[in-house]
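Each value in this text was obtained by applying a stated rule to the coordinates, not by laboratory testing. Since this is a predicted model, take the numbers as computed values, not measurements. As a convention, Cβ positions derive from the backbone with ideal geometry for all residues, glycine included, and neighbour counts pool all protein chains shown.
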Amino acid sequence: MIHLTNISKQHGSQVLFTNASFQILPGVRTGLVGPNGAGKSTIFRLITGEEEPDKGEISCARKTVIGYFSQEVGEMSGRSALAETMSAAGEVVLLGERIKEMEAAMGQPMADNEMEALLERYGDAVEEFEHRGGYDLETRAQTVLTGLGIGPEDFSRPVESFSGGWKMRIALAKILTLNPDVLLLDEPTNHLDVESIIWLENWLSGEFKGSLLMTTHDREFMNRVVSRIIEVANQTITTYSGNYDFYETERAIRREQLEASYRRQQEMLAKEEEFIARFAARASHAAQVQSRVKKIEKIERIEIPAEQRTIKFMFPTPPRSGDDVIKLEGLGKTWERQDGGQRSVFGGVSGMIRRGQKIAVVGVNGAGKSTFLKVLAGQTEATSGSVTIGANVNIGYFSQHAMDILDPGKTVLDTVQDAMPMANLGVVRNLCAAFLFQGDDIYKRIDKLSGGEKSRVVLATMLVKPVNLLVLDEPTNHLDIGSRAVLLEALKEFSGTVILVSHDRHFLKHLVDRVFEIDHGEMRVYEGDYEYYLFKSGQADRAA
């Protein structure tokens, strides 16, 4: 369908890949992986024609429709949410209008050869219209919007009235409604709650019949959707047949084999070079020496590619808190509505959070999860009831909006140094390096950092504080799969108490032992792990 053959690309002095080849095959779901800056976004732009390769060829089957969802939404205004969603399929709408014009023309007298030509054009147009899903375009747009959490009551809302995160959902709905032959998705699960992620997972696996190439930091989503992995790393592109778990295992096996071959080659070269050095001065061995010199010159040297960098940290052993960490009594929170009324976020919450528990707070977007965490962390006042913090409890709070607790004008070094004022510069630099800030990166201003970089800075500043209660609102947002794995292991080993919100199901399944669900202003407590919650709440059936 789409063939990239011997392509080379570099940005300035940075070489992304050289003589790389891969194919996007009909109906195949493929995951695109690799470290930040390796060239994943460039692959998308090459396929869409936004960029051209320095060398090589990109060929695409005729009439192939490509849909590309990126993190750059662009301007949205002047339409309802439904009209904006359908606007991506404008060519399909025009094709439908041409079909109606041709049907009207067929009722008019014309020569036989003209009618024959018209019927041929009409047949081609109808076939294309059916292929593009033109007959159920509006129904499909409504279905996709609803699946992504924008219900019928919001179809007519002006698109400019939606927040940035909800506009991202509308942008994704536009691409899905287009029903393209090739679907390119760059981090489609960002800004989605678990319910919408599950819907998208099922839609891509069942409803969508085209080819898919996507990036995502959601390991479980990747595993459930793709059957093939393309890795962009170390200036090359490598294909693996299988999901992400298979890729991770196979990649480790291939590296072990490469390292073994490298060791064998180095041993052989050492022996040859030792022979050359020993007998180079002897005329009786001149022919043998020259033969071995030529031999080792012709050998293609095996190179071991650099390992992908990941953050390296563990939370320090926290001071022991009392057994009763937080006591909740009749806790409630309401927000003032624009019309002067009040909206209840949650109410009547009572219970005890005990030392060492790992608790997930779950619920649909807008249910009040972040508000609940803010109340627990003392970032906002409860409207009713009380929160009693136990003895010797020190709270560390991570906001999903990292800029909430970072000074945008400071550098990475200044920010980390402020968190540990008594430490010398070497210690501060080492902590920065553990979170992948090395060299000149430590002098970057906070407002110039990406979302993932800001998250790493916040985690670094939390690491130096003697906290025994971590309140984490979407700590995995913007972190890649490798960094999420490191954070997961650190939290599993953390001996204090953890309360968190996350839409990463893999993260939750391997960490939490208790679940609080906020649903329509009520709090339900599940005394078990995340799998237990899925089973008892009926979510497991929906995912299946």
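For a Förster distance of 60 Å, can you work out the FRET efficiency between the beta-carbons of A61 and R343, rounded to the nearest 0.05? Don't skip to the end; give the middle numbers.
Details: r = 51 Å, r/R0 = 0.85.
It comes out at approximately 0.70.
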| Spin-label pair A111/V93, simplified geometry with 7 Å Cα→Cβ offset, distance in nm | 3.7 nm
| field | 23 Å Cα-Cα reach of K454 towards lysines, excluding residues that sit fewer than 8 places from it in its own chain | value | K40, K167, K312, K369, K374, K410, K444, K465, K492
| task | Only Lys, Arg, Asp and Glu count, each charged at its Cβ (+1, +1, -1, -1), so figure out the dipole size of the chain about its Cα centre, rounded to 20 debye. | result | 2380 debye
| remark: Once both label points are put 7 Å beyond Cα along the C-beta direction, the V364-V15 separation in nm becomes 5.2 nm
| query | For segment 1-136, what does the alpha-carbon gyration tensor say about shape, rounded, prolate or oblate, given a ≥ b ≥ c as the root eigenvalues, a/c under 1.5 as rounded, and a/b over b/c as prolate? | reply | prolate
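Between Rg and the Kirkwood Rh of segment 247-298, both from Cα atoms, what is the Rg to Rh ratio? Each step should come with its number before you reach the end.
Working: Rg = 16.3 Å, Rh = 12.8 Å.
My calculation puts Rg/Rh at 1.27.
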| task | Please work out whether the chain counts as rounded, prolate or oblate from its C-alpha gyration tensor, where a ≥ b ≥ c are the square roots of the eigenvalues and a/c under 1.5 means rounded, while otherwise a/b larger than b/c means prolate and anything else oblate? | result | oblate
| said: Can you tell me what share of the DSSP beta bridges in the chain is antiparallel? A percent to the nearest 5 is fine. | reply: 55 percent
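Could you grab the Rg to Rh ratio for segment 324-543? Cα atoms only, Kirkwood for Rh. Present the calculation step by step, with values, prior to reporting the outcome.
Details: Rg = 18.3 Å, Rh = 18.5 Å.
A ratio of 0.99.
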| said: Could you work out how much longer the chain between T139 and E72 gets when fully extended? Use 0.36 nm per residue separation minus the Cα distance between them, nm to one decimal. | reply: 21.5 nm
| request: Pick out, from S77, A360, S537, the residue whose Cα sits farthest towards the positive end of the charge dipole of the chain, with +1 on the Cβ of Lys and Arg and -1 on the Cβ of Asp and Glu. | output: A360
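Defining a contact as two alpha carbons under 8 Å apart and six or more residues distant in sequence, what relative contact order in percent does the chain show?
Computed value for the chain: 14 percent relative contact order.
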| If the cut-off is 25 Å between C-alpha atoms, which lysines fall inside it for K295, apart from same-chain ones fewer than 8 positions away? | K271
| Straight-line reach from K298: which aspartates and glutamates have a Cα under 15 Å away, not including same-chain ones fewer than 8 places off? | E272, E273
| field | Label-zone membership for segment 227-255, site A306, 7 angstrom Cα→C-beta point, backbone N under 12 Å | value | 234-235
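To the nearest 0.05, what FRET efficiency results for A490 and E127 with a Förster distance of 41 Å applied to their C-beta separation? Display every interim value, and only then the final one.
On the way: r = 56 Å, r/R0 = 1.36.
With R0 = 41 Å, the Cβ-Cβ based efficiency is 0.15.
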| field | Selection from S370, L425, G351, by position along the positive dipole direction of segment 324-543 (Cβ) | value | L425
| said: Cβ neighbours within 10 Å, averaged per peptide: list 359-365, 65-71 in order, most packed at the top. | reply: 359-365, 65-71
